[in-house]
Amino acid sequence: MRLKTKHFNFITLPLLLVVLLTSCKNESKSYRQYLTDSIEYVETPASYNYTDIISHDLTFQKLDKNKMRNLSKLLHSKQNLIWLKIDFTIDNKLLGHDIGLYIGHLRSSSTVYLNGNFIKKYGDHPPVENTAGYVAHSYIFTNSLVNNQGNNSIYIQVWPGAWGTISEEIYITDQEQVIRRAERKTFFNSRITITFTMVSLILTFLYIVLYFLLKQYKENRMYLFYALLNFYTAHFLLAFSFGDMPWLKLPFFSYLTVLKITWCYGGFSTIYFAASFCLAYLGYEASTKEMIQRFGLLIFSILIAFLMPNYRIFINCSHYLALISLLQFAYVIPRLIRSFINPVSRPKTKKLLLGFIPIFVGLFLDLIFHVFHTIPDMPMFSLYGWQITTYNFLYQLIKQFSQIYIHNTKLKDQLQEFNQNLEQVVAIRTKELSDANYVLSKGLETVSHVQKNFLPPKEHTFRGWDLAIYYKPLDNNVSGDLYDYYSSNSDTCLDGLGIFDVSGHGIPAGLMTILAKGIISQQFISGIQQQESMSAILEEINRTYIKEKVNIDNYITGILFRFSEFNSKDVCSVEFANAGHPHPLLFDSQNDEVRELKIENPNKQYGIIGVEGLDVSFPPISFRMNNNDIILCYTDGLTESTNYKKETFSKKILMDILKESKDETAPEILNYLMKKFQDFTKGESLNDDITVIVLKRNNSKEYIQEI
């Protein structure tokens, strides 16, 4: 039976926990004599050695268990050390045995004496301090050093650093059991991370190679970020195994420097690339601003850490720097929520969340066992959780890569089969294309003919108005653009003007323009008669279009104008509403300036026509037009066209052209604009239909009706 990824997430961690917990049980039934309740302590200057402790009359105090969690709090001076003293008499059950002392952990560094004899040292005291790390402490007592009949004294010199702790699990037992217990705990606390480190470095190399092999794959950034995540994870893991690898302790590298490189540089970079991996996994590409902000957070955290002058300040501040570094996920969480809400991306988002479950479980267990000190001698479960998390994503990336490989293999086989039967396939496809082209050409001719008949003339003169229109379909004279104007009083008065852009191209878009034109005309005339605002008219057009187009998946952007009669000063009032269309331009002859016609607060205008369930707001805009004022409207096919340098025919260019040609008639302005456009694009192919409307005010009293 095949095991799914989500089951893998929930099963692997509990199995690992069972192994770890059972490993902590007694390896045998050997008797243990616990010494935890017999510990006393005294604070001394750092210069005191064992001889000084014996020769001075020092008063030792009882060490309570709650103080064992932070030995540094016992110090009145941060320059001093602590001496621990344990007096014991060997229990009868251990008499005649070769015994040893076991301490689950003792941080930061320590030196142990038994009955005045040096036994063993872990780590180094200041001024060149080094911690014992996460290894378990084991001490072998030879028979010649042990007093089997009377009192024995253990003295432990401890440099607690900023957060020194001593395990509550302190006992003497058979030497073999001490060694075995210490080796096992050291393995799970420290040595296993060496294996994790090596695996992370191997994965780094493999996925860097995959990143370059899959350069054409649009999501190959995931492979790069996964590789770097593993690379810096390897840096971070060295901190946990450093105490067990004395050959790594270089004379010019203090332990503080090691921690800065591993915990901070490695840890903070791991967080950074984990967040980057999440964003790439969800398919988001960060903006330049966001990249600068995130990288700034990373550099700030690392820089502050490297400026810490001593070990104590470093330990006390590193937790806060870690929290600052975790702000990287402030860029991930909002996108994670949006992806989860979106039904299309939700399955992928679930996989991402499930992949992180092991690290969340590990952090939760560490909170219970270590922060709340329920079982402080347990290993760091978050290390195991993080490894399982990285392996979960390793599985997902391998699966994804295999799917790409299988797809490419199938494609290669299909191409080989196609080549073997090329002539037959070409003949069949040629006939099919010929038949399809014939049907399509007939359809295009029909739609084009209908469009030409229902669109009004491109040039027209009304009382007080000069109108010119440029209309260029992209596909064989069938366009998704739509323009119309509305007049009364025997076609002499201009009442309204509209420009609309139906999504798509070709026959589907052309057919929808036919439907849209009828709806827009009907609703405009009805709305004018009922004295409705342009906002209300557009909203009714939206409702009617959604109802009439049924299940066809398309939408419309557009602008609809209404013009009043001229007053005694030959001034006309204009009202219009915009449904997601490019803002029209107005040349104001009185101020000799060109400006965009749009509302002051853009947040109040939103939505387009034809999307069911989409909230819309088309607030009306009103202004006055004097003689020689000019309105320029256009579809986005104009401003999205590019030249050979991939520069767009921008709004700024349009505004300049409008001001340059302000004294010309509407047709002359339009011809000048389109010549500039053709010079700009210089034969570059169009990507969309283009419609441009130039409407200029002239003296209404000088109007002569066309015959």
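The values are calculated or read from the model by the stated rules, or taken from the named source; none is laboratory data. Predicted, not measured: the structure shown is a model, and the values here were computed from it. Quick reminder, even Gly has a Cβ in these numbers, built from the backbone with ideal geometry, and neighbours come from all protein chains shown. Protein only, heavy atoms only, side chains kept; ligands, DNA and RNA dropped before computing areas. Shrake-Rupley method; radii C 1.70, N 1.55, O 1.52, S 1.80 Å.
Beyond 18 Å, what share of the Cα-Cα pairs of region 116-158 remains, rounded to the nearest whole percent?
Percentage above 18 Å: 41.
Give me log10 I(q)/I(0) at q = 0.12, 0.13, 0.16 Å⁻¹ for region 503-649, Debye formula, one equal scatterer per alpha-carbon, no solvent.
Evaluating at q = 0.12, 0.13, 0.16 Å⁻¹ gives log10 I(q)/I(0) of -0.59, -0.68, -0.99.
When you have a sec, figure out the Kirkwood radius of region 183-235 from all distinct Cα pair distances and drop it here in Å to one decimal?
11.9
Tell me the angle of helix 192-213 to the major Cα principal axis of the chain, expressed in degrees between 0 and 90 and rounded to the nearest ten.
20
With a bin width of 10 angstrom, please list the P(r) values of region 257-323 as percents of all Cα-Cα pairs, from the 0 bin to the one holding the largest distance.
Here the calculated profile for region 257-323 is 20, 47, 23, 9, 0.
Give the Rg/Rh ratio for region 41-189, taking Rg as the radius of gyration of the Cα atoms and Rh as the Kirkwood radius, to two decimals.
Reported Rg/Rh, Kirkwood definition of Rh: 0.95.
Putting +1 on Lys and Arg Cβ atoms and -1 on Asp and Glu Cβ atoms, find which of A468, S110, G96 reaches farthest to the positive end of the dipole of the chain.
G96
Starting from the Cα of S402, step 7 Å along the direction of its Cβ; do the same at S568; then give the gap between the two resulting points in nm.
That separation, rounded to one decimal, is 8.8 nm.
Just in region 167-237: which trypsin sites (Lys or Arg not before Pro) are loop by DSSP and have at most 14 other Cβ atoms within 10 Å?
Here the trypsin sites (Lys or Arg not before Pro) that fit, given the DSSP loop and packing criteria, are K215, K218.
Between E684 and N601, 0.36 nm times their residue separation minus their Cα-Cα distance comes to what?
Taking 0.36 nm per residue and subtracting the Cα distance, the gain is 26.2 nm.
Any of K472/K645; K350/K646; K598/K696; K62/K260; K458/K549; K598/K646 with alpha carbons more than 30 Å apart? Name them for me.
Over 30 Å Cα-Cα: K350/K646; K62/K260.
Across the chain, where is the longest run that never hits GluC sites (Glu not before Pro) in a DSSP loop with at most 15 other C-beta atoms within 10 Å?
It runs 286-564.
With every protein chain left in place and a probe of 1.4 Å, what is the accessible surface of T409, to the nearest 10 Å²?
50
When the C-alpha atoms of region 469-524 are aligned to their principal axes, what extent does each axis show, in angstrom, from largest down?
Reported extents, whole Å, longest axis first: 36, 23, 14.
Name the long-range amide H neighbours of Y634: under 5 Å, sequence gap of 5 or more, or other chain; modelled H, no Pro or chain starts.
Excluding prolines and chain starts, which carry no amide H, the hits are I693.
Given the Cα-Cα distance of F212 and S287 and 0.36 nm per residue of separation, how much length would full extension add, in nm?
24.7 nm
Relative to the compact-globule scaling 2.2 N^0.38 Å, provide the ratio for the alpha-carbon radius of gyration of region 26-89.
1.35
Nearest 500 deg cm²/dmol is fine: what mean residue ellipticity at 222 nm does the chain get from its DSSP H runs of n ≥ 4 alone, each adding -39,500 (n - 2.57), divided by its residue count?
Helix contribution divided over all residues of the chain: -14500 deg cm²/dmol.
Mind checking the dipole of region 273-368: about its Cα centre, +1 per Lys or Arg Cβ, -1 per Asp or Glu Cβ, Debye to the nearest 20?
About 320 debye.
In Å and from the alpha-carbon atoms only, list the Rg and Dmax of region 511-590.
14.8, 50
What Kirkwood radius, in Å to one decimal, follows from the Cα pairs of region 291-390?
The Cα-based Kirkwood calculation yields 16.0 Å.
Using a cut-off of 13 Å between beta-carbons, work out the net charge of the residues near S641 (Lys and Arg +1, Asp and Glu -1, S641 not included).
-1
May I ask you to give the percent of accessible area on the chain that is carbon plus sulfur, with a probe radius of 1.4 Å?
57
Cα axis of helix 506-529 to longest principal axis of the chain: angle in degrees, 0 to 90, nearest 10?
70
Under the √(5λ) rule applied to the eigenvalues of the Cα gyration tensor, what semi-axes describe the equivalent ellipsoid of region 147-191? Give them in Å, descending.
23, 20, 7
At most 10 other C-beta atoms within 10 Å and a DSSP loop state: those are the exposed chymotrypsin sites (Phe, Trp or Tyr not before Pro) I care about. Give me the longest piece of the chain that has none.
With a cap of 10 other Cβ atoms within 10 Å, the longest stretch comes to 373-643.
Evaluate 2.2 N^0.38 Å with N set to the residue count of region 294-344, then give the Cα radius of gyration divided by it.
With N residues counted in region 294-344, Rg over 2.2 N^0.38 Å equals 1.58.
D679 accessible area, nearest 10 Å², 1.4 Å probe?
80
Express the relative contact order of the chain as a whole percentage, based on alpha carbon pairs under 8 Å and six or more residues apart in sequence.
For the chain, the relative contact order is 9 percent.
Could you work out the equivalent-ellipsoid semi-axes for the chain, taking the square root of 5 times each eigenvalue of the Cα gyration tensor, largest first, in whole Å?
81, 30, 21
Any idea what the dipole of region 513-572 comes to, in debye rounded to 20, about its Cα centre with Lys/Arg Cβ at +1 and Asp/Glu Cβ at -1?
Dipole size: approximately 100 debye.
Compute the distance in nm between two label points, each set 7 Å from the Cα along the Cα-to-Cβ direction, one at T409 and one at I341.
My value for the distance between the label points is 4.2 nm.
Evaluate the relative contact order of region 101-206 (contact order divided by residue number), counting alpha-carbon pairs under 8 angstrom at least 6 apart; express in whole percent.
Taking the mean separation of contacting Cα pairs over the length of region 101-206, I get 37 percent.
Over 25 Å, how big is the tail of the calculated P(r) for region 564-707, in percent of all Cα pairs?
Pairs farther apart than 25 Å: 38 percent.
What is the Rg over Rh value, at two decimals, for region 561-609, using alpha-carbon atoms and the Kirkwood definition of Rh?
Using Cα coordinates only, the ratio equals 1.03.
Over the chain, average the accessible area per residue using a 1.4 Å probe and give it in Å², no decimals.
Value for the chain: 51 Å² per residue.
About its Cα centre, how strong a charge dipole does the chain have in debye, to the nearest 20, once Lys and Arg get +1 and Asp and Glu get -1 at the Cβ?
2640
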